[in-house]
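> Structure provided below as structure tokens; questions to follow.
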Amino acid sequence: MIGHVSIGKSFYHLIRYVLEDKKELSEQQKKLLSEAHNLQHTGRAEVLEYNKCFGDIKELTEQFRDVQKLSRRIEKPVLHLSLRLAPGEQLSRAQFAEIGRACAEEFGVADNQYICVLHKDTKEPHIHIAANRVGFDGKVASDSNSYKRMASLCRRLEKQYGLQEVLSPKKFLPAAERNLPRNDKRKEKMREDISNILNRVTGYPAFEKQMKDLGYQLIKGRGISFIDDKKVKVKGSEIGFSLAKIERILSIRQQLETAAKKQMSLGSASYPPKAAMIQNEQPIQRDNTVTSVPALSGLLEELLKPEYGADYINPELLREAGRKKKKPKLKP
């Protein structure tokens, strides 16, 4: 289980985010994403619990602001908590509601206003809690050690519900738990989407268009970067799809497309055949070398595997190298 905690100033923006569909996605994009991943992008939010509040976005915001006025010194009265499961795990609606209450209790807002909302637009269902740090008695819930408290809560909930253990920030873990696997679903999903699109297009314009249809922004220069629907930027080389690799894949697909058209003109039974199923042994000329269609198909299959590219450098290794280079300060 992976948890997140933050504080802020705007009740309205948080409540709108947890209750509504993503504003940056058009209806067509929602439809494409839902079909591609079998997820719910329209009507993604289900309220599990209203705690000492009720109504729509406007009514909730007004109620939260009214209670906020009981504390004149608070600058950031908004508490945002979220919890999501590890890949492949599921919980019932009632269990998610129980987890939401445990999370509110941990952060001292169980008697405050909050809503607990289940989101269904990701492979791992997750909950959001939008809470008022100011209670009806005017006291403010503390935000000290929030990440450590969230990490501790996740470990307890994993044991309670028999869930997979995942890695919390290392500084909050004992040495024995620091090798637990980390799940970066943002990058995994991005790799999967890139691979799926490259497996069905033959040119960069088509690749760029289909990525944009899924809600990504592309930045192409000497390399390539991708920005997802939450405005997180990731370099292509970090997820195994550098610009050079993408161009290589598209070049191979163009060659296979040409071979398939020739095959059709000679009376092939179907067009276009899948790259991995092409059995024509007719050689293809490339870079002054001759390559068979099955060989190119095999190479394409290897390139499309969503693995780290050869140009990927683990940032942890870079940090470790930097620490080794630092010279100790000389004592005066």
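> Answer with yes or no whether I99 is hydrophobic (A, V, I, L, M, F, W, C) and more than 25 Å from the chain's Cα centre (by Cα). Before the answer, list the steps.
On the way: hydrophobic (A, V, I, L, M, F, W, C): yes; more than 25 Å from the chain's Cα centre (by Cα): no.
When the stated conditions are applied, I99 does not pass them.
> On to the next question. Any residue at all in the stretch 35-58 that is of a type in the set (D, E), open to solvent by less than 60 Å² (accessible area, probe 1.4 Å) and at pLDDT 90 or above? Break it down stepwise before answering.
Going residue by residue through the stretch 35-58, those that are of a type in the set (D, E) are 35, 46, 49, 56.
From what is left, the residues that are open to solvent by less than 60 Å² (accessible area, probe 1.4 Å) are 46, 49.
Narrowing further to those that are at pLDDT 90 or above: 46, 49.
Checked the stretch 35-58: at least one residue is of a type in the set (D, E), open to solvent by less than 60 Å² (accessible area, probe 1.4 Å) and at pLDDT 90 or above.
> For the stretch 122-157, name all the residues that are of a type in the set (S, T, N, Q) and in contact with a Leu (Cβ under 8 Å, 6 or more places away or on another chain). Write out each step before concluding.
The initial filter retains those residues of the stretch 122-157 that are of a type in the set (S, T, N, Q), namely 122, 132, 142, 144-146, 152.
Of everything in the stretch 122-157, those that are of a type in the set (S, T, N, Q) and in contact with a Leu (Cβ under 8 Å, 6 or more places away or on another chain) turn out to be T122, N132.
The values are calculated or read from the model by the stated rules, or taken from the named source; none is laboratory data. Remember, it's a predicted structure, so these values are computed and weren't measured experimentally. When we count neighbours, we look across all protein chains shown, and the Cβ atoms used for this are built from the backbone with ideal geometry, even at glycine. These accessible areas exclude ligands, DNA and RNA; they are computed on the full protein's heavy atoms, side chains included. Shrake-Rupley method; radii C 1.70, N 1.55, O 1.52, S 1.80 Å.
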